[in-house]
Amino acid sequence: MSKVKTKKHSTFIDMTAMSDVTVLLLTFFMLTATFLPKEPVQVTTPSSVVDIKIPESNLLTILVSPKGHVYLNFDRPADKLAILDKVSQEFKIQFTDKQKKSFLSQPTIGVPISALPKFLDMSVSEQDEVLKANGVPSDSTNNQLKKWIQYGQAVNENLKIAVKSDQTTPYPLIKSVFSTLQDIKANRFNLITTLKGMPAV
Amino acid sequence: MAEVNTGDGGEAKKGKPKKHTLRVDFTPMVDMNMLLITFFMFCTTLSKPQAMDLILPTKDEVKKEDKNKVEDTKAITVILGEKNKVYYYFGKPNYTDPNSLALTNYGPQGLRKMLIERNAVLVNRMRKLRDLKAKKQISEDDFKKQSKEIKNDDAGQVVIIKPTDGATYSNLVDVLDEMQICSIGKYAIVDLTEGDKYLVQNLETGGSLSKQAASK
């Protein structure tokens, strides 16, 4: 009598399909990931219990460093070009195509307008150095911060404003930015914070 | 799928090389991919910061009859001092008594405790509402609508926030945060007046300023 042969089952699981799926998901997440724009100063935002996310588009971020330097970041490249046009009209500065390109690739606006053409001719690493020492002038005699925001609002009427600052920034510096915003009737804006848990009350 | 058959397909004959099956194990690759996916998922959702809505009053001159007066029993004035100190007084300031101004801190036992006690009516209603939501008896939209109604209720306290020049940005955000926690819907950031400076100084010096004024 012949033995009944038990068939050998291989325990090898084919992972190819699984790997396909994961690669697909990975591609999706990599493409949808939005990278944070490079900022001239690192700030630690204060934490709050508010869990509303910041608006995704049409956002103007005003960054206030602990030393009082003010930096601006418009999130839409098309707006930035239009704003630069307005600046060149009002301040009678002609920008070359190369300078315009440099303006688009640099996420931060942070030098006085008179120094802008020279700034845009620099290389990116030099620009970062210059940004750290400068900032948009926002004092009462030469309030270019106001100008930039007004241009932004003229170009994009849905522009939302968010203020981002470090925990240790003294209040008078913040107040001057707030009062600039009040001057141009941008009374509603956001403060960027990090999330912390709601305590039990 | 993941195996490559390197045989020629025919029967294995003597002298011919053995049929090789080349199988590639994809398990480590899947592991690595999953890890990367997790990383990107966290990056996209967690990197997005939160935003606190803030509405400031206009600088335009407000006509006297348009100004709405706050009842003294409902008003709390919070002064943000330097070195993380907070001072507060209820209703109208009393310039002769240095102890009308109280000193507290940003902790849960300080400012929050005081605000919750003062605003107990709304806090209790809010608590009930949160309970309902936790038991899933009301929807998210209803919760938002009702919590807004509660915050705008006339029984609520009105908080006037006055930051001094010594306060920091995080102090301001902390106080605005307490407004959220303590269900206070009506609050305003107002500039510090000379009278408030006097009150703070009077308290810090143990009432010497008011004694001076009294002896005159």
Between the residues A:Thr96, A:Pro55, A:Trp148, the Cα farthest towards the positive end of the dipole of region A:47-195, that dipole coming from +1 and -1 charges on the beta-carbon of Lys, Arg, Asp and Glu, is from A:Trp148
As an exercise, use a Förster radius of 56 Å and the Cβ-Cβ distance of A:Asp51 and B:Lys19 to find the FRET efficiency, rounded to the nearest 0.05.
0.35
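Round to the nearest 0.05 the FRET efficiency obtained for A:Asp85 and A:Thr11 when R0 = 56 Å and r is the Cβ-Cβ distance. Numbers along the way, then the final one.
Numbers: r = 68 Å, r/R0 = 1.21.
Taking R0 as 56 Å, the efficiency between A:Asp85 and A:Thr11 is 0.25.
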Is there a quick way to get the dipole size of region A:47-195? I mean about its Cα centre, with the Cβ of Lys and Arg at +1 and of Asp and Glu at -1; what is the value in debye to the nearest 20?
220
Here, B:Leu35 and A:Met198, labelled 7 Å along Cα→Cβ, have an inter-label distance in nm of 3.7
Net length gained if the chain between B:Gln201 and B:Asp154 were fully extended (0.36 nm per residue, minus Cα distance):
13.6 nm
How large is the charge dipole for region B:100-216, taken about the Cα centre, if only the Cβ atoms of Lys, Arg (+1) and Asp, Glu (-1) carry charge, to the nearest 20 debye?
500
What are the semi-axes of the equivalent ellipsoid of the protein assembly as shown, taken as the square roots of 5 times the eigenvalues of the Cα gyration tensor, listed largest first and rounded to whole Å?
57, 34, 19
Both in Å, the radius of gyration and Dmax of the C-alpha trace of region A:1-157 are 26.0, 108
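In region A:116-176, what is the volume of the convex hull around the alpha carbon atoms, normalised per residue and reported in Å³? Intermediate results must be reported in sequence, preceding the final value.
Numbers: hull volume 8.4 nm³, N = 61.
Taking the convex hull of the Cα positions in region A:116-176, it is 138 Å³ per residue.
With N set to the number of residues, divide the alpha-carbon radius of gyration of region A:85-201 by 2.2 N^0.38 Å and report two decimals.
Values: Rg = 16.6 Å, N = 117, 2.2 N^0.38 = 13.4 Å.
Normalised by 2.2 N^0.38 Å, the Cα Rg of region A:85-201 equals 1.24.
Assuming R0 = 30 Å, what is the FRET efficiency of B:Phe143 and A:Val124, from their Cβ-Cβ distance, to the nearest 0.05?
Efficiency computed from Cβ-Cβ geometry: 0.05.
With only Lys, Arg, Asp and Glu charged, each at its Cβ (+1 for the first two, -1 for the last two), find how big the charge dipole of the protein assembly as shown is about the Cα centre; round to the nearest 20 debye. List each step's numbers first, then the result.
Values: 59 positive and 48 negative charges, 298 e Å.
Magnitude of the dipole: close to 1440 debye.
Laboratory data are not the source of any read-out in this text; all were calculated from the coordinates shown. Computed from a predicted model, the values in this text were never measured in an experiment. For neighbour counting, all protein chains shown are included, and Cβ atoms are generated from backbone atoms with ideal geometry for every residue, glycine included.
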